[in-house]
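Chemist: So that we are looking at the same thing, I have put the structure below in structure tokens.
The values are calculated or read from the model by the stated rules, or taken from the named source; none is laboratory data. Computed from a predicted model, the values in this text were never measured in an experiment. Counting neighbours? That spans all protein chains shown, and the Cβs are built from the backbone with ideal geometry, glycine included.
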Amino acid sequence: MDRRRTFWALVLPPGLWLVVFLLVPLTLMAAFSSRGDMRGGILRAWTPTAEQYQVLLETGSYVRLLVVSAGMALLVAVIATLLAYPIAYFLAFRAGRRAPTYLLLLLIPFWTSYLLRVMAWKLILGSGGALNSLMLGLGLIAEPLRFFFYNRGAVVLTLIYVWIPFAALPMYAALLRVDSSILEAAFDLGAPPVRRFLRIVLPLSLPGVVAAFFMVFIPTVGEYVTPLLIGGSSGSMYGNIIQDFFTKAANWPLGSALAMVMLVATLLAVALAAILVDVRRLVDI
């Protein structure tokens with residue numbers, strides 16, 4: 001009986017949290033996406049319709065923006081994962097006793113507001129920012145360059161910076177689980193460092209690499225804060241359109257339909273990647 005009570009005491013709080021803050025909002029969003037409009041208030045009964053999805057599919061710009069956002073998220077996830085892997089490798093195999101200190105330094109950005117970190121890049125990339133000021137001081141340019149800011153390149157650069165610490169953590173955890181005795185055996189058998197990395201370390205750390213990739217890719221598809229502050233009108237992503245429909249246009253049904261399409265498309269992409277990339281098969285190489 002005590003074990004049963006302990007089980008429910010551990011399961012119920014996170015279960016209720018998921019139901020209230022995940023399942024209920026998703027259900028409401030799916031329900032709102034079946035409304036034709038918002039006339040009559042939120043609680044008004046309505047007849048389910050696919051009108052909003054029809055509008056979405058007929059408006060090619062929405063679909064194109066989703067594809068562009070997915071491409072940007074893919075680029076950010078790939079680059080952030082590649083840049084974070086050496087950090088995780090250093091912490092796991094080279095930092096030694098100083099690993100906790102370096103890990104603390106890696107986590108320091110988490111102590112500051114996400115908004116402040118994005119605004120810092122606005123100060124760096126802006127026409128009067130640090131980068132242009134440095135180039136002007138060195139005489140490399142005669143006037144501030146504007147292509148560093150308010151475009152999708154600036155959004156990608158900022159998102160890579162933001163997500164590198166997040167991407168390093170699952171890979172660091174995976175590298176910590178690599179048995180050092182396997183590396184010692186490979187060394188005794190004459191395997192050079194590159195071969196030890198390619199045949200032992202990398203395959204065993206692939207679950208962490210895949211987890212880091214999706215940890216970056218999934219939330220980046222719907223990102224709207226960074227494009228709003230850094231990208232401007234030319235750097236908008238799919239999440240900005242959803243935000244506009246909920247806050248400015250007050251068109252919750254269409255915004256909900258856009259969000260549901262993004263959710264389904266992201267889940268399908270993740271499922272397809274899971275089918276094509278069998279991590280267990282790669283680890284057995």
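Chemist: From the list L258, L282, L204, L263, which residue is more than 18 Å from the chain's Cα centre (by Cα), surrounded by 13 or more Cβ atoms within 10 Å (Cβ to Cβ) and either at pLDDT 90 or above or closer than 14 Å to A73 by Cβ (or both)?
Modeler: L258
Chemist: In addition: Can you confirm whether M38 is in contact (Cβ under 8 Å) with a residue 12 or more places away in the chain and within 23 Å of the chain's Cα centre (by Cα)?
Modeler: no
Chemist: Looking at (1) among the β-branched types (V, I, T); (2) under 18 Å from L228 (Cα atoms); (3) touching a residue at least 24 places away in the same chain (Cβ under 8 Å), find the lone condition where I87 falls short.
Modeler: The failed condition is (2).
Chemist: Here is a follow-up. Somewhere in region 216-238, is a residue aromatic (F, W, Y), within 30 Å of L176 (Cα to Cα) and at pLDDT 90 or above?
Modeler: Yes - at least one qualifying residue is present in region 216-238.
Chemist: Could you tell me whether region 83-104 includes any residue that is among the β-branched types (V, I, T), within 30 Å of R152 (Cβ to Cβ) and more than 16 Å from the chain's Cα centre (by Cα)?
Modeler: Yes; the residues of region 83-104 include at least one that is among the β-branched types (V, I, T), within 30 Å of R152 (Cβ to Cβ) and more than 16 Å from the chain's Cα centre (by Cα).
Chemist: Now a separate question. Out of (1) within 30 Å of A250 (Cβ to Cβ); (2) within 21 Å of the chain's Cα centre (by Cα); (3) in contact (Cβ under 8 Å) with a residue 24 or more places away in the chain, the odd one out for L56 is which?
Modeler: Among (1) within 30 Å of A250 (Cβ to Cβ); (2) within 21 Å of the chain's Cα centre (by Cα); (3) in contact (Cβ under 8 Å) with a residue 24 or more places away in the chain, L56 violates only (2).
Chemist: Please go through region 117-133 and pick out each residue that is exposed (fewer than 12 other Cβ atoms within 10 Å of the Cβ) and out of contact with any Gly (no Cβ under 6 Å at 6 or more places or on another chain).
Modeler: Listed by number, the list holds a single entry, G128.
Yes or no, residue by residue, for (1) under 30 Å from L202 (Cα atoms); (2) touching a strand residue (DSSP E or B) at 6+ places or on another chain (Cβ under 6 Å); (3) surrounded by 12 or more Cβ atoms within 10 Å (Cβ to Cβ); (4) among the aliphatic types (A, V, I, L, M):
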| site | (1), (2), (3), (4) |
| --- | --- |
| P13 | no, no, no, no |
| L23 | no, no, no, yes |
| S69 | yes, no, yes, no |
| A88 | yes, no, yes, yes |
| Y102 | yes, no, yes, no |
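Chemist: Sticking with this one: Suppose we filter region 152-168 for residues that are buried (at least 21 other Cβ atoms within 10 Å of the Cβ) and either closer than 16 Å to V210 by Cβ or over 26 Å from the mean Cα position of the chain (by Cα) (or both); how many remain?
Modeler: Total meeting the criteria: 3.
Chemist: Hey, another quick one. As an exercise: evaluate G239 against (1) in contact with an Asp or Glu (Cβ under 8 Å, 6 or more places away or on another chain); (2) in a loop (DSSP other than H, G, I, E, B) and give the number of the one condition it does not meet.
Modeler: (2)
Chemist: Could I ask something else about it? Pairs please, first residue from region 134-163 and under 30 Å from V216 (Cα atoms), second anywhere and basic (K, R) and at pLDDT 85 or above, Cβ atoms under 7 Å, 6+ apart in sequence or on different chains.
Modeler: V162/R117
Chemist: Now a separate question. Given the options R5, R64, name the one that is among the charged types (D, E, K, R) and either modelled with pLDDT of 90 or more or touching a His at 6+ places or on another chain (Cβ under 6 Å) (or both).
Modeler: Unique residue meeting the criteria: R64.
Chemist: While we're on this one: Which residue is modelled with the highest pLDDT, if the candidates are limited to region 145-190 and must be among the polar types (S, T, N, Q) and closer than 29 Å to P227 by Cα?
Modeler: Filtering region 145-190 for residues that are among the polar types (S, T, N, Q) and closer than 29 Å to P227 by Cα, the one modelled with the highest pLDDT comes out as T158.
Chemist: With respect to V68, determine if the residue is touching a helix residue (DSSP H, G or I) at 6+ places or on another chain (Cβ under 6 Å), within 19 Å of G235 (Cα to Cα) and β-branched (V, I, T).
Modeler: No; evaluated as a whole, the condition is false for this residue.
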